[in-house]
Amino acid sequence: IAALRQAHKKRLARSRGPDRRGHLRDMVSIHTRPAEALGRQVAGHWEGDLIKGAGNASAVGTLVERKSRYVLLAKMDGTDAEAALEGFTRRMRTLPAAVRKTLTYDQGKEMAHHRALAHRLNIRVYFADPHSPWQRPSNENANGLIRQYLPKGMDLSGVSQRRLTQIATALNTRPRKCLGFMTPEEVMSQEINQLNSCVA
């Protein structure tokens with residue numbers, strides 16, 4: 001047992017790059033997030049993350065809408081909080097405000113400017129508990145699919161936004177069993193059309 005404990009400690013000690021987690025100011029817990037986000041009944045509730053490139057020196061922002069599983073990929077000019085703020089702002093502004101309700105993120109330091117992001121997008125940002133990837137299952141699943149195109153160890157700094165949009169389109173036009181074999185793009189379009197008809 002002692003040997004196993006020792007091996008476990010060694011495994012935890014190995015790290016590629018700096019710790020992404022930190023004490024962010026004014027975090028709002030996922031446990032106060034609206035119930036409609038958990039139930040996937042209403043579009044507009046997102047999960048976010050970064051996937052890192054070689055040596056944690058580059059990154060791509062990933063955003064997934066919970067109901068439709070619609071994916072947005074954001075080019076990042078770096079891996080810090082400023083890069084995340086600018087990258088996520090650019091991509092989420094391509095969508096109607098009505099489908100930007102909440103964003104749930106882990107406690108990575110790149111989300112240090114979460115208050116600025118919330119203000120820019122008029123979105124509420126919530127934070128998952130530490131070491132709890134199951135609280136953001138759509139994002140975790142999408143990241144696995146994205147890695148088929150952007151494998152671990154790849155330098156992501158040279159990947160253009162155009163290429164990222166192509167990858168997102170490939171994922172968004174793939175029929176999904178969990179959507180009744182509709183595509184994420186079809187479900188998101190349906191949601192946006194319904195919102196527009198209500199406004200009209």
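Just so it is clear, none of the values below were taken in a lab; they were calculated from the coordinates. Being a predicted model, the structure only gives us computed values, none of them experimental. When we count neighbours, we look across all protein chains shown, and the Cβ atoms used for this are built from the backbone with ideal geometry, even at glycine.
Maximal additional length on extending the ALA97-ASP155 stretch stands at 17.6 nm, based on 0.36 nm per residue less the C-alpha distance.
Per-residue extension of 0.36 nm, minus the Cα-Cα distance of ASN122 and GLN148, leaves a gain of 6.1 nm for this segment.
Think of each Lys and Arg Cβ as +1 and each Asp and Glu Cβ as -1; about the Cα centre, that makes the dipole of the chain roughly 560 debye. The label point for LEU38 and the one for THR173, both projected 7 Å from the Cα toward the Cβ, are 3.7 nm apart. Summing charges over all other residues whose Cβ lies under 15 Å from the Cβ of LEU150, with Lys and Arg as +1 and Asp and Glu as -1, gives +4.
Backbone geometry of region 115-125 corresponds, through the Karplus equation with coefficients 6.51, -1.76 and 1.60 at θ = phi - 60°, to 3J(HN,Hα) couplings of 5, 5, 5, 4, 5, 4, 9, 6, 10, 9, 9 Hz, x marking Gly and Pro.
Less than 5 angstrom separates the built amide H of ILE123 from none of the residues sequence-distant by 5 or more or on a different chain.
Between LEU72, LEU38, HIS131, the Cα set farthest toward the positive side of the dipole of the chain (charges on each charged residue's Cβ, about the Cα centre) is that of HIS131. Cross-link pairs exceeding 18 Å in C-alpha to C-alpha distance, out of LYS75/LYS152; LYS67/LYS152; LYS52/LYS109; LYS67/LYS109; LYS67/LYS101; LYS75/LYS177, comprise LYS67/LYS152; LYS67/LYS109; LYS75/LYS177. Taken one residue at a time, the phi angles of region 33-46 give Karplus couplings (6.51, -1.76, 1.60, θ = phi - 60°) of 5, x, 4, 5, 5, 5, x, 6, 8, 10, 6, x, 9, 10 Hz. Gly and Pro are set to x.
Compactness ratio for the chain: Cα radius of gyration over 2.2 N^0.38 Å (N = residue count) comes to 1.06. At full extension, ASP26 and ARG115 could sit 31.2 nm farther apart than now, given 0.36 nm per residue minus the alpha carbon distance. Applying the Karplus relation 6.51 cos²θ - 1.76 cosθ + 1.60 with θ = phi - 60° to region 145-160 yields 3J(HN,Hα) values of 5, 5, 5, 5, 9, 10, x, 4, x, 7, 6, 8, 5, x, 7, 6 Hz, where x marks Gly and Pro.
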